[in-house]
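Enquirer: Mind looking over this structure? Questions follow.
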Amino acid sequence: MNGVRERACAKLNLGLAVRGRREDGFHELHTLFASVDFCDELLINPAPAGLELTVSGRQEAPAGPENLAWRAAELYLQEAGGGGAAIKLVKNVPAGAGLGGGSADAAAVLRGLARLYPAGVDLAALALELGADVPFLLRGGLAEARGVGERLNFLEPVEAHFVLVKPPFEVPTAAAYAALEESDFGPELDVPAILEALRRGEVPPWRNDLERPVFFAYPPLADLKKLLENHGLAGVLMSGSGSTLFAPVESRAKAEQYADALARRYPGFATRAVSLLPEVGA
């Protein structure tokens, strides 16, 4: 049996509304998920039994049970009733960046193992067990999400380009949500208006309700947003719980120019031009 290759592509939150705190302790969200062409790569080979994970690439990541890709493989193989896997992960997407890199890896492992060991496993249920972003990342593309992010309405893709800037620090997701106050909760996003603005090349009417608590805890991130705006970028927004900031740009070429210029201006920061992707998974 031959191995399978999967791409694990990052996501952006094109707006994130925190509607309130739920009885289960989580927060009710309304967000617009979008896949971008910034991806990890996985090669998954069958094995008689057990798991092996090796990690290479530009970013460091654990190579054991603390890695979400490992946990995804373990869950799938348990549900499928056996088998093993040797997984090679080339890590490009940074952790703690609000880009869903680890969740994308987990989703890619589920897709890959479902191809290697077809067993009628409910991938969506396993995905939600692994994390709130994983159900979207199983398929990718563009989707409006509610709940903790698991209630998905997939939308027709749009063409849009962005420049990403990640400072040299991470923001723990749990800490960002723990710092939320009731005054941070807001109304639902105007998704049609956001998408129409992107189509027209205008600044979308988006917001991220996590920005206030995260900026309060990480003042350099608030300063970075102002700096990017001073460089002529409009509509700068934080993705997820940070620490990546992004802004829409009229073309891929322009996004690459901004990324190159910002990389020279802010050494040590990760900058990248990205474009929205259509559906990336099964």
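No value in this document is a laboratory result; all are computed from the given coordinates. This structure is a prediction, so every number in the text was calculated from the model and none was measured. Here the Cβ positions follow ideal geometry from the backbone for every residue, glycine too, while neighbour counts run over all protein chains shown.
Enquirer: Helix 191-200 versus the longest principal axis of the chain: what angle, 0 to 90°, nearest 10, using Cα atoms?
Expert: 70
Enquirer: Also, quick follow-up: How far is the Cα center of segment 17-58 from the Cα center of segment 188-266, in Å?
Expert: Centre-to-centre distance over Cα atoms comes out at 22 Å.
Enquirer: Could you give the longest part of the chain that holds none of the trypsin sites (Lys or Arg not before Pro) found in DSSP loops with at most 14 neighbouring Cβ atoms within 10 Å?
Expert: The longest such stretch corresponds to 59-282.
Enquirer: I need the chymotrypsin sites (Phe, Trp or Tyr not before Pro) found in segment 1-98, filtered to DSSP loop residues with at most 16 other beta carbons within 10 Å of theirs.
Expert: Within segment 1-98, the qualifying chymotrypsin sites (Phe, Trp or Tyr not before Pro) (loop, at most 16 other Cβ atoms within 10 Å) are Phe26.
Enquirer: Separate question: In segment 130-217, which chymotrypsin sites (Phe, Trp or Tyr not before Pro) fall in coil by DSSP and have 14 or fewer other Cβ atoms within 10 Å?
Expert: Phe169
Enquirer: Take the eigenvalues of the Cα gyration tensor for segment 62-150, scale each by 5, and report the square roots as semi-axes in whole Å, largest first.
Expert: 20, 17, 11
Enquirer: Could you give the length gained on full extension between Arg200 and Asn153, defined as 0.36 nm per residue of separation minus the Cα-Cα distance, in nm?
Expert: Residue separation times 0.36 nm, minus the Cα-Cα distance, leaves 14.7 nm.
Enquirer: Name the lysines eligible as straight-distance cross-link partners of Lys88: C-alpha to C-alpha under 26 Å, and not fewer than 8 places from it in the same chain.
Expert: Cross-link targets: Lys11, Lys166.
Enquirer: Pick from Val203, Val93, Val109: which is most flexible by mean-square fluctuation in a GNM of the chain where alpha carbon atoms under 10 Å apart are linked?
Expert: Largest GNM mean-square fluctuation: Val203.
Enquirer: Continuing with this model, one more query. Hey, got the dipole for the chain? About the Cα centre, +1 on K and R Cβ, -1 on D and E Cβ, debye to the nearest 20?
Expert: 720
Enquirer: For the chain, compute Rh as the Kirkwood radius over C-alpha pairs and then the Stokes-Einstein diffusion coefficient at 10 °C and 1.306 mPa s; write the answer in µm²/s, rounded to an integer.
Expert: After rounding, the answer is 83 µm²/s.
Enquirer: Take every DSSP beta bridge whose two residues both sit in segment 4-152, then give the antiparallel share in percent to the nearest 5.
Expert: Rounded to the nearest five, the antiparallel share is 80 percent.
Enquirer: Per-residue ellipticity at 222 nm for the chain, helices alone: DSSP H runs ≥ 4 residues times -39500 (n - 2.57), over residue total, nearest 500 deg cm²/dmol?
Expert: -9500 deg cm²/dmol
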